[in-house]
Amino acid sequence: MIPWDSVARPVAAWNHDHNLRSAFQNSVVPYYQEVARRIGGKRMKEWLDKAHYGNADTSGGIDRFWLDGGLRITPAQQVDFLKRLYLGELPFSKRTMDIVREIMLVSNTLGLVLSAKTGRSEQDAKQIGWYVGYLERGGDVFFFSNCIQSSGSSIPDFNSARVVMTYKILADLGLTTR
């Protein structure tokens with residue numbers, strides 16, 4: 001649990017104490033920033049390298065590198081990372097990967113299990129929105145990585161667009177009924 005620092009932020013859900021589960025579900029940037037500061041730059045870089053996460057570039061500050069710093073990752077690299085998480089092949093403990101897979105669960109309905117995470121940043125004067133995850137259906141697993149970008153600073157429905165688009169694509173592929 002990381003206590004709220006009492007700084008009022010524009011996202012109301014961020015203005016509370018959070019644990020990893022609630023921070024994950026609400027994309028609580030200040031929580032992740034505090035965790036990153038506690039980890040430290042050297043250790044963070046080592047683990048990004050070990051996990052082969054994108055370009056593993058932590059320039060831009062320990063609490064900003066993934067938001068508007070040097071970290072870059074492609075959709076294909078996201079899918080590779082998700083596959084390794086799903087299969088338990090990342091350089092983290094089994095317990096850690098089990099926890100992450102469990103908190104990624106979005107829905108489990110009628111034989112469809114969706115696990116995913118949103119992400120948002122501003123890089124190179126663009127708004128970047130991610131929705132990555134996997135869908136389990138029958139004995140099959142379908143991995144996805146949706147990255148949308150906009151040069152506008154305030155696009156209505158930008159946050160929901162990445163999710164809505166992903167669900168539409170999964171439905172168009174016949175993988176869901178949404």
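Of K83, K50, all but one fail to be touching a Pro at 6+ places or on another chain (Cβ under 6 Å) and part of a helix (DSSP H, G or I); the exception is K50.
Condition (residue is among the hydrophobic types (A, V, I, L, M, F, W, C) and outside any loop (DSSP other than H, G, I, E, B)) applied to segment 61-78: is it met by at least one residue? Yes, the conditions are met somewhere in segment 61-78.
The selection criterion, being free of Cβ contacts under 8 Å to residues at least 24 places away in the same chain, among the hydroxyl-bearing types (S, T, Y) and within 20 Å of Y86 (Cα to Cα), holds for S115. Determine, yes or no, whether G129 is part of a loop (DSSP other than H, G, I, E, B), on the phi < 0 side of the Ramachandran plot, in contact (Cβ under 8 Å) with a residue 12 or more places away in the chain and of a type outside the set (A, V, I, L, M, F, W, C). Judged against the criteria, G129 is not a match. One residue alone among S27, S115 is surrounded by 15 or more Cβ atoms within 10 Å (Cβ to Cβ) and at positive phi, and that residue is S27. Of all residues in segment 86-119, those satisfying the criterion of being over 17 Å from T74 (Cβ atoms), in a strand (DSSP E or B), of a type outside the set (V, I, T) and within 18 Å of the chain's Cα centre (by Cα) are L105, S107, L114, S115, A116.
Readers should treat all values here as calculations from the given coordinates under stated rules, not as data from a laboratory. Predicted model, so just to flag it, every value in this text is computed and none were measured. Neighbour counts run over all protein chains shown; Cβ positions are idealised from the backbone, glycine included.
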